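This report refers to the structure that appears directly beneath it.
The values are calculated or read from the model by the stated rules, or taken from the named source; none is laboratory data. Computed from a prediction, not measured in an experiment: that's the story for all the values here. Because the Cβ atoms are built from the backbone with ideal geometry, glycine has one as well, and the counts that use them run over all protein chains shown. The protein model used for the area step is the full one, side chains on, heavy atoms only, and it has no ligands, DNA or RNA in it. Shrake-Rupley method; radii C 1.70, N 1.55, O 1.52, S 1.80 Å.
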Amino acid sequence: MEDLFERTILIVDDESINRELLGNIIQSEYKVIYASDGKEALEKIHSEGNTISLVLLDLLMPVMNGNEVLKTMNDEGIINEIPVIVLTSEKLSEIESLKLGAADFLTKPYDLPEVILARVRHSIQLFEHSKIIHATEFDKLTLLYSPEFFFEYASQFDQRFPDKVMDAVVVNFTRFHLLNELKGRSFGDEILNAMADGIRKALLKTGGIAGRNEADFFYLYVPHDENHNILLDKIKESLSPLLKPSEIRLRLGVYSDSEHKFAMTQRFDHAVQACNSLRNKTSGDSDICIYDDKMAEKEVFDAHLLQDFEAAIEQKQFQVNYQPKFNIKGNKPVLCSAEALVRWIHPELGFVRPDLFIPLFEENGLVTKLDRYVWEEAARQIAAWKKELGVTIPVSVNVSRVDIAAPDMTDFITKIVKENGLSASEYMLEITESAYTSDSKHIVEVIENLRKLGHKVEMDDFGSGYSSLNMLTAMPIDVLKMDKAFIRNIQPGNKEMKLVELVLDIAKNLGVPVVAEGVETEEELNMLKAAGCDIIQGYYFSKPIPPSEMEKFV
């Protein structure tokens, strides 16, 4: 059977006896081809270059000598693809050929066959290992360092210069995935390459090294500086041919560790945290964030919450409260349903705000377990109210895009509804607007299945995401919940109120009732009622309350 990994050696010598002598030695392990001068050698390299593993090159030849061949291979970049061992009896020629890129030399008269084979074998192995290392050393798209080599070189720098103060810097293009979706993957690759070019230009001025860690995250290890605007300016300059200034959304996180207290990867974790803190920055905010003591405290706090999550589930530290919703279409507001909202009463930390733990659990994949805990508690509570109060209070539970991605989500909800003797209409689902934008085809399928089972689906936080008005006509929903940001500044006749009226008109034309969230004053209630809003939820009627307090509204 032919060896798929058979290596070919090209022997170049103008004397046939020398060619045959070397050929007889080498053909015991390698396939051998021949050339009688430098010109013929280059022709064979050009025609069979991909198959040649090594060239044995005599230096003294007619037509084109060995050093001329080496120079041509250098000029064409071939010397980086095929190693060369020169054959000579002149010591001075050896030095020149090594400068031109030769890997090794064999002196005439030749050594023992075993020595020649060993040197050939060694040269090929060294070159192949070097190519493998080189291939993994750099990111294929941007040609910056790959993560493994970046961290290795950064650590080596610390060992060589322990007193040098360096900054771990992370650069990211905010919402890069939207560019990929809107303009295509190839355009996204152009953006990443432009960012890499800008980083290289900045490093010429600042010094340091750079790598691409993943997707659109770039890591830099650079000499300490009080401001890294030169880096942002160079990247923006490189992006300007591709994007308008308003489309360039860069953020930069910095961690400076003069004492080298933390491992290299941990320093960059801190820089990533600083970078991510800018994720929701608004226009006018700085593009740069420095990791500080406040962030360190939050990191410890977050780690505490993550560590205590499982115990909190087991010990029912998570309490489900309910915020009532009132139908305001008649003369008197009437309780029509409630939303289940989770609260964490921590044994050491006390009340932990949802905005502190829910985003954290979303990032760390724990939100599905928490949501299912809430879903089960809510189903049991609806059944308890039916038994104790003799009435049904429909409850809506929150469903994240992570929940929807779970293949057993519909089965899980069907199971808990059935176990508690409920009908699907008593158990409603609130799906945040941003979930509709992530994988609309899959979400539409899931929602349509849930609606066929009898569940009512509410689009939550409407107006807080993207393409909201376009989505209304395409997405199957039963109720629209206006985000509280719509309500915050409404006054008779102002632009905020006109926007609310526009949403109400669209919903009316679609035959979809509207819930207004975050209503806090009687004035807001009256304006919304006059504009045709159906249902109100907010502190005007009640904050989220324990189940025992709901009976006062019944």
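Which shape class applies to segment 110-192: rounded if a/c is under 1.5, otherwise prolate when a/b exceeds b/c and oblate if not, where a ≥ b ≥ c are the square roots of the Cα gyration tensor eigenvalues? It is oblate, given that a/c is not under 1.5 and a/b is not larger than b/c. Classify segment 351-463 as rounded, prolate or oblate, taking a ≥ b ≥ c as the square roots of the eigenvalues of its Cα gyration tensor: rounded when a/c is under 1.5, otherwise prolate if a/b is larger than b/c and oblate if not. Verdict is oblate for segment 351-463. The calculated 222 nm mean residue ellipticity attributable to helices in the chain amounts to -15000 deg cm²/dmol, summing -39500 (n - 2.57) over DSSP H runs of n ≥ 4 and dividing by all residues. With q set to 0.21 Å⁻¹, the log10 of I(q)/I(0) for segment 166-287, from the Debye formula over equal scatterers at the Cα positions, is -1.26. Of the peptides 292-299, 80-87, 113-120, the ranking by mean beta-carbon count within 10 Å, highest at the top, reads 80-87, 113-120, 292-299. Could you name the aspartates and glutamates whose alpha carbon sits less than 13 Å from that of Lys236, not counting residues in the same chain fewer than 8 places away? Within reach: Asp197, Glu247, Asp287.
Classify segment 232-324 as rounded, prolate or oblate, taking a ≥ b ≥ c as the square roots of the eigenvalues of its Cα gyration tensor: rounded when a/c is under 1.5, otherwise prolate if a/b is larger than b/c and oblate if not. Oblate, because a/c is 1.5 or more while a/b does not exceed b/c. Expressed as an acute angle from 0 to 90° and rounded to the nearest 10, what is the orientation of the C-alpha long axis of helix 409-419 relative to the principal long axis of the chain? The two axes meet at around 30 degrees.
Once you list every other residue whose beta carbon is under 14 Å from the beta carbon of Leu453, what net charge do they have if Lys and Arg are +1 and Asp and Glu are -1?
0
In segment 244-278, whose amide N lies under 17 Å from the spot 7 Å out along Cα-to-Cβ of Asp163? List them in ranges. The answer is 258-260, whose backbone nitrogens lie closer than 17 Å to the label point.
Ranked by the mean number of other Cβ atoms within 10 Å of their residues, highest first, the peptides 170-180, 50-60 come out as 50-60, 170-180. Among the chymotrypsin sites (Phe, Trp or Tyr not before Pro) in segment 205-298, those placed in a DSSP loop whose Cβ has at most 14 other Cβ atoms within 10 Å are Phe262. For segment 23-117, relative contact order (Cα pairs under 8 Å, six or more residues apart, normalised by length) works out to 25 percent.
Relative contact order for the chain using alpha-carbon pairs under 8 Å, separation at least 6, rounded to a whole percent? Across the chain, relative contact order equals 8 percent.
Take 125-133, 9-17, 396-404 and order them by the average number of nearby Cβ atoms within 10 Å per residue, most first; the result is 396-404, 9-17, 125-133. Taking only protein heavy atoms and a 1.4 Å probe, the accessible area of segment 246-366 is 49% carbon and sulfur. Exceedance of the 18 Å cut-off in Cα-Cα distance is limited, within the set Lys325/Lys543; Lys316/Lys369; Lys316/Lys456; Lys369/Lys418; Lys498/Lys529; Lys140/Lys244, to Lys316/Lys456; Lys369/Lys418; Lys140/Lys244. Could you give the distance between the Cα centres of segment 249-270 and segment 121-151, to the whole Å? About 26 Å separates the Cα centre of segment 249-270 from the one of segment 121-151. Evaluated with a Cβ-only charge set (Lys, Arg +1; Asp, Glu -1), the chain carries a dipole of roughly 2180 debye about its Cα centre, given to the nearest 20.
Whole number in Å², please: accessible area per residue of the chain, 1.4 Å probe, ligands, DNA and RNA not counted. Accessible surface, normalised per residue, equals 52 Å². Between the beta carbons of Leu143 and Gln491, assuming R0 = 41 Å, the FRET efficiency works out to 0.15 to the nearest 0.05. By accessible area, using a 1.4 Å probe on protein heavy atoms only, segment 102-149 has 65% of its surface on carbon and sulfur. The distance linking segment 23-89 with segment 523-554 is 86 Å (Cα centroid to Cα centroid, whole angstrom).
Seen against the Cα atoms of the chain and their longest principal axis, helix 185-206 is set at about 70 degrees.
Compactness of segment 273-386 is given as radius of gyration and Dmax, 18.4, 55 Å, from Cα positions. Legend: translational diffusion of segment 485-533 by Stokes-Einstein, Rh = Kirkwood radius over C-alpha pairs, 10 °C, 1.306 mPa s; D = 147 µm²/s. So which of Lys332/Lys508; Lys71/Lys108; Lys298/Lys481 end up more than 25 Å apart, counting from Cα to Cα? Pairs exceeding 25 Å: Lys298/Lys481. Round to the nearest 10 and give me the degree value, 0 to 90, for the angle of helix 147-160's Cα axis relative to the longest principal axis of the chain. Relative to the chain, helix 147-160 is tipped by roughly 70 degrees. What FRET efficiency comes out for Leu126 versus Arg175 if R0 is 56 angstrom and r is the Cβ-Cβ distance? Round to the nearest 0.05. Calculated transfer efficiency: 0.75.
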